[in-house]
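The values are calculated or read from the model by the stated rules, or taken from the named source; none is laboratory data. Predicted model only: the values in this text are computed from it and were never measured. Every residue, glycine as well, gets a Cβ built from its backbone with ideal geometry; the counts of neighbours run over all protein chains shown. To get the accessible areas, we keep the full protein, side chains included, count just its heavy atoms, and leave off ligands, DNA and RNA. Shrake-Rupley method; radii C 1.70, N 1.55, O 1.52, S 1.80 Å.
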Number of protein chains: 2
Amino acid sequence: MGEKSKVVSIDGIKVACANCSLATLCLPYGLESQDVERLENIVKRNKPIQRGQLLYGPGDHFRSLYVVKTGAVKTFTQTPAGDEHVIGFHLPGEILGLDAIQDNQHGCFAKALETTAVCELPFEKLEHLATAIPGLQHQMLRLLSREVSAEANMISLLNNSTAEERLASFLLSLSERFRRRGFSPTDFFLAMSRQDIGSYLGLALETVSRLFTRFQEQGILEVDRKHVKIKDLEHLKQLLRHHTPCHASLNRSS
Amino acid sequence: MGEKSKVVSIDGIKVACANCSLATLCLPYGLESQDVERLENIVKRNKPIQRGQLLYGPGDHFRSLYVVKTGAVKTFTQTPAGDEHVIGFHLPGEILGLDAIQDNQHGCFAKALETTAVCELPFEKLEHLATAIPGLQHQMLRLLSREVSAEANMISLLNNSTAEERLASFLLSLSERFRRRGFSPTDFFLAMSRQDIGSYLGLALETVSRLFTRFQEQGILEVDRKHVKIKDLEHLKQLLRHHTPCHASLNRSS
DNA sequence: TTCCGTCTTTGACCCAGATCAAATGGAACT
DNA sequence: AGTTCCATTTGATCTGGGTCAAAGACGGAA
C-alpha cells in the first residue's frame, strides 16, 4: 500500500503538489516537474484543523508558511479590549504568513472558519530550495508582490468607497476566487459571519446586514443566511465602476 | 582620478552602497562586503529628477526597482475622472515598485515631490544575483514582507481609526522615519500637500487642515505651512494608544 | 511691485453610516 | 417540543467628517 512513502496515497491518487488541483494558484506554478517534486519533499501535511482552531497567533515564532488546501481561514488582530480586526480571508490555494518573514514572528491570529486542511511549508527549507531553483525564487517574489498589490487595492477601496461599493467589491472578489477554483461564481456559502465581513470592510455589522437586504430587494442577490446567490453579476460590477483606478492611461503629463 | 571606474567619485568618497548612509535601511543590509560590491555593480545611478517628474506610470513595463536616495516620492493611482488616490510616500532608503513584480508592469504613478535621486535596480539582474547570494534573496523577501506588514497596518488604521488618530499616526510614522535617517524626529518639512495627506489617509483636505489647527491649539504641534514641529510627542502617541492591535497576547483560546 | 494661480484655512450645512436598542430566527442542546 | 445561545435583522437616533463656499496667504512670473 506504500503507506510509508513521503506522500500519502488515497485510492492510488497521490496527495501531492503535482496532482493538486490548486497547483496553478500555488507555489508550484511555472516550475518544472522535477522541481515540483523537490518542493513537495519539504511540504508537511498535518491533519485538518477544526473550526475555531488557531494555526498561529501574534508573537508565535515564524517557522512556516501555510497554504490553505481545503476550508477557509481568517486572519485578524485583537485589541487589548478584546475586539477583533479582521485582516483577511484565505481560500484554498492562498498563502498565509507572508507578513511574518519580516521579523521572524507572526503578527496576527490565523483561525479556521471551518474544518480546514493546510500544507505547511517550512520557511528555511523553502528559502534554501529557492536558491537552487530560480523559478521557485521568482514565484515566491511574485506571490509576495501579489500580496502587496492586493493590499494596495484594499487600501484604495477603504479610502475611496462607500459601504455599498465595499460590499459589492467583496462579493465580486469571492465570486472570482471561487470561479478560479472551479466552484460556482454565483452560488456559494460564506464561511464568515456578518461581523467578520464588517470588520474586514471597515463597516458595522448592521450596515453589512442592511446592504444584503438591499441588494436582495434590488434583485442583485438572493441571500439566505450564509448562502449567497448572485442573480445579477453585471449590476454588481456596475456598482464599483466609478471608483476604479485608471490603469489604461497611456498619455503622460509632467 | 579614476573617473572611468564603475562608481562615481566625489572628493574621493565613492557614491556606492558600501559608503551609503542608508545601507542599513536598504537592500545591502546584512550582506558581506564582497556581496555588497557585486550588488552595487548592477545599480544604476541616473541623474536626479525634478519635482513633478514621473519615475514610472501605470502600464509601464517593469524593468527595475528604485530606491529613493535623496528627496521624496509619492505613488498614486488616478481615476478616469482625473482625481488622484495617493498610495504612499517614499523617503530615502525606501523601495519603489515592489507591486510590479507580480505581473511585470507598474500599477501606479511614482512622482517626485521634490528634486529626487534614486538608485535603479534592474530586476532581472537583481533576481539573478539573489540566486547566487542567499543573504540577498533573504533580504529581498524581508523587504517584500515588510511592505505587506506595513500595508496591513495601514488597512487596520483606515478600518478602525478616527481622523485624529490617522493624522497622529501619519505624523508619528514620519517622525520615526526621519529619526532613523538621522534627521530630527520633531522638526521637519512635509514634502506633500494637505490634499496628498488627505488622499493618503482617506480624509478630505479640509479635515487635515482643521486637525493641524487643532493639534496646534492643543500644544501638540507648531505648524507653519509645510514646516512641522512636534512639541508634545507623548501626547501625539497617546492619541493612538486605544486602537493599537494587541501583539503581546500570550494566552490562547480555541 | 503687482498679478495670478495654487494651496490652505475657516465657516456653514448635511448625510452616510455608526451606535443604541429590541425583536426575530436558527441551531444545538436536553 | 422546549430552552438556551448566538447570529442576524430591523428600527430610531446621532455624529464625525464630507461637501460646498468663500476668504486669505504665499510664491513665481513679468
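Roughly how much accessible area, to the nearest 100 Å², goes out of reach of solvent when A and B pair up, both sides summed, probe 1.4 Å?
Answer for the A-B pair: about 4800 Å² buried.
Using alpha carbons only, how many degrees (0 to 90, rounded to 10) separate the axis of helix A:205-217 from the longest principal axis of chain A?
70 degrees
Please give the net charge around residue A:160, taking every other residue with its beta carbon less than 14 angstrom from that of residue A:160, where Lys and Arg add +1 and Asp and Glu add -1.
Overall, the nearby charge balance is -2.
Once the label point is placed 7 Å from Cα along Cβ, list for residue B:122 the distances to the corresponding points in the other copies, in nm, shortest first.
3.8
If you take the C-alpha gyration tensor of chain B, multiply each eigenvalue by 5 and take the square root, what semi-axes do you get, largest first, in whole Å?
Whole-Å semi-axes of the equivalent ellipsoid: 33, 22, 20.
Step by step: find N for the stretch A:156-249, compute 2.2 N^0.38 Å, then divide the Cα radius of gyration by it. What's the final number?
The stretch A:156-249 yields a ratio of 1.05.
Given a 1.4 Å probe and every protein chain left where it sits, what share in percent of the accessible area of the stretch A:156-249 is carbon and sulfur?
That share works out to 49 percent.
Could you give log10 I(q)/I(0) at q = 0.21 Å⁻¹ for the stretch A:86-125, computed by the Debye formula over C-alpha point scatterers of equal weight, without solvent?
-0.79
Could you pull out the pairs from B:125/B:226; B:111/B:229; B:69/B:226; A:237/B:69 whose alpha carbons sit more than 30 Å apart here?
B:125/B:226; A:237/B:69
Give the residue from A:212, A:183, A:144 lying farthest towards the positive end of the charge dipole for chain A; charges sit on Cβ (+1 for Lys and Arg, -1 for Asp and Glu) and the dipole is referred to the Cα centre.
A:183
Give me a single rounded figure for B:78-91: the average over its residues of other chain Cβ atoms within 10 Å of their Cβ.
3
Which value at 222 nm does the protein assembly as shown reach when only helices count, each DSSP H run of 4 or more adding -39,500 (n - 2.57), with the total divided by all residues and rounded to the nearest 500 deg cm²/dmol?
When only DSSP H runs of four or more count, the value is -11000 deg cm²/dmol.
Percent relative contact order of the stretch A:156-249, based on C-alpha pairs within less than 8 angstrom and at least six residues apart?
Here the relative contact order equals 30 percent.
Quick check: net charge around residue B:99, other residues with Cβ under 13 Å of its Cβ, Lys/Arg +1 and Asp/Glu -1?
-4
For the stretch B:156-249, with every protein chain kept in place, what is the accessible area per residue (1.4 Å probe, Å²)?
51 Å²
Cα axis of helix B:123-132 to longest principal axis of chain B: angle in degrees, 0 to 90, nearest 10?
70 degrees
Can you tell me the relative contact order of chain A? Whole percent, Cα pairs under 8 Å, sequence separation 6 or more.
Computed value for chain A: 17 percent relative contact order.
Keeping all protein chains in position, work out how much accessible area residue B:86 exposes to a 1.4 Å probe, and write it in Å² to the nearest 10.
Estimated to the nearest 10 Å², residue B:86 gives 10 Å².
What do you get for the angle between helix B:163-180 and the principal long axis of chain B? Use alpha-carbon atoms, 0 to 90 degrees, nearest ten.
Tilt relative to chain B: about 40 degrees.
Just add up the charged neighbours of residue A:169: K/R +1, D/E -1, any other residue whose Cβ is under 13 Å from the Cβ of residue A:169.
+1
Within 10 Å, count the other beta carbons around each residue, average over each peptide in A:122-131, A:198-207, and list them highest first.
A:198-207, A:122-131
Which value results for Rg/Rh of the protein assembly as shown when Rg is the Cα radius of gyration and Rh the Kirkwood radius based on the inverse mean 1/r?
With Rh from the inverse mean 1/r over Cα pairs, Rg/Rh is 0.97.
Determine one quarter of the surface area of the Cα convex hull of the stretch B:11-144, which equals its mean projected area, and express it in nm² to one decimal.
So the Cα hull casts an average projection of 8.3 nm².
Partner chain Cβ atoms within 10 Å, averaged over the residues of B:135-144 - can you pull that number for me?
5
Using r as the Cβ-Cβ distance of residue B:237 and residue B:181, and R0 as 22 Å, what FRET efficiency do you calculate, to the nearest 0.05?
Computed FRET efficiency for residue B:237 and residue B:181 comes out at 0.65.
Round to a whole number: what % of the accessible area of the stretch A:63-121 belongs to carbon and sulfur, probe 1.4 Å?
The nonpolar share, carbon plus sulfur, comes to 45 percent.
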